[in-house]
Amino acid sequence: MNKTIVAEIISVGTELLLGEIIDTNAAFLAERMRDRGIFVYRKSTVGDNIHRLTVALKEALQRADLVIVGGGLGPTDDDMTREAIASVVGEEPYLDSQLLESLRGMFAARGRAMHESNNKQAWLIKSAIALPNPVGTAAGWFVSIDQKVIVALPGPPHELKKMWHEQVESRLPVSDQFIYHRTIHTAGIGESDLASRISQFTRLESPGIGTYARNSGVDIRVAAVAPTMAQARAVADPVIMEIAAILSPWIFGYDDETLVSAIMKKLVAARQTFACVESVTGGSLAAEITDCPGISSCFAGSLTAYANSVKIGAGVAEELIREHGAVSEPVALAMARVARKMFNADWGLSTTGVAGPDSLEGKVAGTAWIAVVGPNIEWSQLIDWPGSRQMIKNRICRSVFQSFFKLLKEEKCR
């Protein structure tokens, strides 16, 4: 019989606690379980310490039906996930001959000698099914005990994801609940302002509604749980429609859509193209643009004109820079015009500013001008937002995309 499944994720590795790497595995696992109607109630990170990992596993098993452990399956002494699981279930690991043969074959195929320490990667316990790892040396474990499940996965993300898709999902218990969710993306409105406009919905018990500040703007996540997907949708969709009506001026997309994909959709519909000339952002604008699949349908190209000589060579008047400085409204507009002309595009975008930490032309770090020039408009804006170099560049890019999308939404710019 199906039942509501509660899960916990335990990420293993001292390097995670030291901030040396970012735990992307937990986000992937949480998303995959959400889509299967499995409720992830907790996520924890434990260092390479068998006592703390054993305690974390015991506590998780008291609360959850399913515990996913990521990491700690390597061959070294500090890889202790197998030992901790064996201790928790009260079983002794043994060297599995089939796993050992497969492991030796993998090393031989790669022309590498297998060290004796790798033998532990062929360990197994009676309650576990081995999960093959075709792209690494660490096999996973699928452990069933007392109507609970522990899944041990390797730490490298490409190994974990492949094993999850090919070995784990089909073995998971089936939930009696379905989770339907949609994310509404907005730009150009603050989180507190947005929340106040939809406050009559955020207090609802179902669907659950949350607001989240993102690099691109503010997201609203709407989720409903029900015995069938149709019932969950019937709860969530009417509320989504009402929220969309209230926030229509600021909405740029839903779910996997981005600001760039929203811009692409409008330009393709209008049969228009765009290009950019960047200075302060140093190519970051173009990098984010070209990360969008299908963007070649409307993006003509870009130029990073970091030095003034490059700006002048591209067509920005030298006297304009001499009179106003490179970080100025006239130069930003001239750069956007150059982008249009150079790439024969309908729209030109530009950025010029001071990334810091030192000042430039008497302007402090965080000062920037952005511009958009199109068929019927020339628009520019001053950005004044201090921070680190990366923060400044990210904010400038975000401002360009938000402003360009807003201009495209306006009737006069279509």
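Once the cut-off is 13 Å, how many percent of the Cα-Cα pairs in region 79-122 end up in the long-distance tail?
Values: 560 of 946 pairs.
Summing the P(r) tail past 13 Å for region 79-122 gives 59 percent.
How high is the relative contact order of region 257-397, given as a whole-number percent (alpha carbon pairs under 8 Å, six or more residues apart)?
Contact order relative to length: 24 percent.
For the pair Gln98/Asn376, report the inter-label distance in nm, with labels modelled 7 Å from Cα in the Cβ direction.
Using points 7 Å along Cα→Cβ, the separation is 7.0 nm.
At 7 Å along the Cα-to-beta-carbon direction for both Ile21 and Val55, put a label point, then send me their distance in nm to one decimal.
2.5
Under a 5 Å amide H to amide H cut-off, with H placed in plane at 1.01 Å, what residues pair with Leu131 once short-range neighbours are removed?
For Leu131, the qualifying residues are Gly140, Trp141, Phe142.
Could the peptides 209-217, 18-26, 277-285 be put in order, highest first, of the mean number of other beta-carbon atoms found within 10 Å of their residues?
Result, highest mean first: 277-285, 209-217, 18-26.
Per residue, how big is the convex hull of region 1-119 when only Cα atoms are used? Give it in Å³. Present the calculation step by step, with values, prior to reporting the outcome.
Numbers: hull volume 18.7 nm³, N = 119.
Convex hull volume per residue, Cα atoms: 157 Å³.
What residues from region 85-101 fall in the zone where the backbone N is under 15 Å from a label point 7 Å along the Cα-to-C-beta line of Asp146?
85-91
Angle check, please: helix 97-109 long axis (alpha carbons) against the longest principal axis of the chain (alpha carbons), in degrees 0 to 90, nearest 10.
40
On alpha-carbon atoms, Rg over Rh for region 178-254 using Kirkwood Rh? Could the numbers behind the result be given before it?
Working: Rg = 12.0 Å, Rh = 12.4 Å.
Across region 178-254, the Cα-based Rg/Rh ratio is 0.97.
Let me know the volume per residue of the alpha-carbon convex hull for the chain, in Å³. Before the final figure, lay out each step's value.
Details: hull volume 78.0 nm³, N = 414.
Considering the Cα atoms of the chain, their hull volume per residue is 188 Å³.
Using Cα pairs closer than 8 Å and at least 6 residues apart in sequence, work out the relative contact order for the chain, in percent.
Details: 786 pairs, mean separation 42.8, N = 414.
That works out to 10 percent.
Could you work out the local net charge near Ala60, counting Lys and Arg as +1, Asp and Glu as -1, over the other residues with Cβ closer than 9 Å to its Cβ?
Details: positive: Arg42, Lys58, Arg63; negative: Glu8, Glu59.
Computed value for this residue: +1.
Rounded to the nearest 0.05, what FRET efficiency do Val310 and Glu410 have when you use their Cβ-Cβ distance and R0 = 35 Å?
Details: r = 32 Å, r/R0 = 0.92.
Result of the calculation: an efficiency of 0.65.
With both partners inside region 259-413, how many of the DSSP beta bridges are antiparallel, as a percent to the nearest 5? Present the calculation step by step, with values, prior to reporting the outcome.
Numbers: 15 of 25 bridges.
Around 60 percent of the beta bridges assigned by DSSP in region 259-413 are antiparallel ones.
How big is region 325-414 by the Kirkwood estimate over distinct Cα pairs, in Å? Show your work: numbers first, answer last.
Values: mean 1/r = 0.0754 Å⁻¹.
Answer for region 325-414: a Kirkwood hydrodynamic radius of 13.3 Å.
Using Cβ contacts closer than 10 Å as the measure, can you line up Asp48, Asp291 from fewest to most?
On the way: Asp48 21, Asp291 11.
Lowest count first: Asp291, Asp48.
Could you run the Debye sum over the Cα atoms of region 259-413, one equal point scatterer each and no solvent, and tell me log10 of I(q)/I(0) at q = 0.09, 0.15 Å⁻¹, two decimals?
The Debye formula, applied to the Cα set alone, gives -0.25, -0.70.
Only Cα pairs under 8 Å and at least 6 apart count here; give the relative contact order of region 178-254 as a rounded whole percent. Present the calculation step by step, with values, prior to reporting the outcome.
Working: 127 pairs, mean separation 33.8, N = 77.
With pairs under 8 Å counted, the relative contact order is 44 percent.
Using amide H atoms built in the peptide plane, which far-off residues or other-chain residues are under 5 Å from Leu303 H to H?
Amide H neighbours of Leu303: Cys276, Val277, Glu278.
Among the lysines, select those whose C-alpha is under 24 Å from the C-alpha of Lys162, and discard any that sit fewer than 8 residues away in the same chain.
In chain and number order, the partners are Lys43, Lys120, Lys148.
Measure off 7 Å from each Cα along the Cα-to-Cβ vector at Ala234 and Ser44, then give the distance between these two points in nanometres to one decimal.
4.0
Compute the FRET efficiency between Leu360 and Arg214 as 1/(1 + (r/R0)^6), taking r as their Cβ-Cβ distance and R0 = 35 Å, and round to the nearest 0.05.
Values: r = 30 Å, r/R0 = 0.85.
Approximately 0.75, to the nearest 0.05.
All of the numbers you see were taken from the coordinates with simple rules; none came from a lab. These figures come from a predicted structure and were not determined experimentally. As a convention, Cβ positions derive from the backbone with ideal geometry for all residues, glycine included, and neighbour counts pool all protein chains shown.
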